[in-house]
Amino acid sequence: MNTDILVNDFAIRSFRDMADEDYIAARMSYRAQLVPQFLWLSLQALEKYLKCILVLNRIPAPKSHSLARCLKALEANRKFVVHLSDVAKKFIEYIDTLGSYRYFESSYYTRGPELVLLDRAVWELRRFARPLDYTIKLFDGKKVEMLAHELKANEVAEKRSPHKFYIIGGRLEKIIGDLRHPARQPFLWQNAYFGKRPRKRVRLSTYSVGANSPLAMHPEILDEVRRYVFLPDKVVAAYRSAS
């Protein structure tokens with residue numbers, strides 16, 4: 001089988017499909033007020049969408065969980081620009097800052113609308129997580145480069161109701177279509193960006209939560225803790241300067 005087809009299949013199934021499921025799990029965590037899990041799963045989803053885009057366009061993905069590094073790799077791509085709103089960019093920066101700490105090495109906070117911001121960031125980014133730069137052959141033998149057409153479809157989607165944008169064969173689209181799927185309800189709950197019908201507003205019981213990391217409260221224990229567990233260099237450097 002064609003290698004390009006197989007690599008695209010890998011990118012979609014190993015990254016985009018997994019990102020779709022991480023995204024739903026992040027929504028479930030937010031609703032349950034499990035903030036660290038929401039932050040981590042949001043990072044996982046956004047990272048995988050970004051790496052799907054990179055692989056589909058044959059751009060080497062950074063060996064890192066850093067969303068900033070993935071975005072930088074995409075920005076260096078000269079084929080096209082991944083258009084993101086300022087709101088989505090700011091949310092991605094927030095998740096990149098707080099979402100990588102799985103062991104409460106850093107303090108965290110939410111201010112209330114994070115679920116809506118996640119939905120928006122996923123919708124904006126996911127549009128690009130599909131084959132864009134490919135060629136089709138018409139009945140008359142003429143070949144058509146599809147990149148400009150696919151990018152135009154993404155641009156047009158910004159002017160329409162978000163729910164009208166549809167990725168053929170997408171994991172989220174399959175869940176929307178399966179009325180009995182157990183993930184369907186938590187996925188579509190108060191979701192303004194995905195579903196079968198448009199939603200002009202959502203009603204959420206927003207909450208603001210924050211917690212200080214044990215290391216933030218007592219940086220003097222840093223060296224003792226490091227005797228038993230690994231801490232990333234950036235965490236060690238931050239608490240060194242604070243102690």
Simple Cβ-charge dipole of the chain, Lys/Arg +1 and Asp/Glu -1, about Cα centre, in debye nearest 20: 880
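Taking the stretch 49-88, which trypsin sites (Lys or Arg not before Pro) meet the DSSP loop condition and have no more than 16 other C-beta atoms within 10 Å?
For trypsin sites (Lys or Arg not before Pro) across the stretch 49-88 that sit outside H, G, I, E and B with at most 16 neighbouring Cβ atoms in 10 Å, the list reads 58, 63, 78, 79.
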Spelling out what I want: for every residue of the stretch 159-170, take phi, set θ = phi - 60°, compute 6.51 cos²θ - 1.76 cosθ + 1.60 (Karplus), and round to whole Hz; glycine and proline get x. 9, 10, 4, x, 5, 7, 7, 9, 9, 4, x, x
Which of the listed residues, 95, 193, 66, is farthest toward the dipole's positive end in the chain, when Lys, Arg count +1 and Asp, Glu count -1 at the beta-carbon? 193
Expressed in nm to one decimal, what extension gain is obtained for the pair residue 85 and residue 206 from 0.36 nm per residue of sequence separation less their Cα-Cα distance? 41.3 nm
Picking from 35, 229, 156, which is most flexible by a Gaussian network model of the chain using Cα springs under 10 Å? 229
Kyte-Doolittle cut-off -0.5, length cut-off 27 Å along the helix's own axis using Cα: show which whole DSSP H helices in the chain pass. 35-56
Stokes-Einstein diffusion coefficient for the stretch 74-142 at 37 °C in a medium of 0.692 mPa s, Rh from the Kirkwood formula over Cα pairs: what value in µm²/s? 218
If the cut-off is 20 Å between C-alpha atoms, which lysines fall inside it for residue 137, apart from same-chain ones fewer than 8 positions away? 152
Under a 10 Å cutoff between Cα atoms, tell me which one of 50, 39, 98 has the largest fluctuation in the Gaussian network model of the chain. 98
Distant-in-sequence amide H partners of residue 108 (H built 1.01 Å from N, under 5 Å): 211, 213
Hey, if you put +1 on the Cβ of every Lys and Arg and -1 on every Asp and Glu Cβ in the stretch 150-243, which of 161, 218, 204 ends up farthest toward the positive end of that dipole? 161
At a 1.4 Å probe, what is the % contribution of carbon and sulfur to the accessible area of the chain? 54
Could you put 102, 120, 240 in order of accessible surface area, largest first, with the 1.4 Å probe and the full protein assembly present? 102, 240, 120
With the chain treated as a Gaussian network of Cα nodes joined by springs under 10 Å, which of 188, 138, 204 yields the largest mean-square fluctuation? 138
Can you pull the percent of Cα pairs in the stretch 1-160 with separation above 22 Å? 44
Taking the Cα centre as origin and putting +1 on Lys and Arg beta-carbons and -1 on Asp and Glu beta-carbons, what dipole magnitude results for the stretch 68-185, to the nearest 20 debye? 320
Overall dimensions of the stretch 95-217 by Cα: Rg and Dmax, Å: 19.4, 71
If you place +1 on the Cβ of every Lys and Arg, -1 on the Cβ of every Asp and Glu, and leave all else neutral, what size is the dipole of the stretch 153-220 about its Cα centre, to the nearest 20 Debye? 640
Which of 181, 123, 229 sits closest to the plus end of the dipole of the stretch 116-229, meaning its Cα is farthest towards the positive end, when Lys and Arg get +1 and Asp and Glu get -1 on the C-beta? 181
Residues of type aspartates and glutamates that residue 159 reaches as a straight line, Cα spacing below 19 Å, ignoring anything fewer than 8 places off in the same chain: 86, 119, 124, 150
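The values are calculated or read from the model by the stated rules, or taken from the named source; none is laboratory data. Being a predicted model, the structure only gives us computed values, none of them experimental. Here Cβ is always computed from backbone atoms with ideal geometry, including for glycine, and neighbour counts include all displayed protein chains. When the accessible area is computed, the model is the full protein with side chains, heavy atoms only, and any ligands, DNA or RNA have been set aside. Shrake-Rupley method; radii C 1.70, N 1.55, O 1.52, S 1.80 Å.
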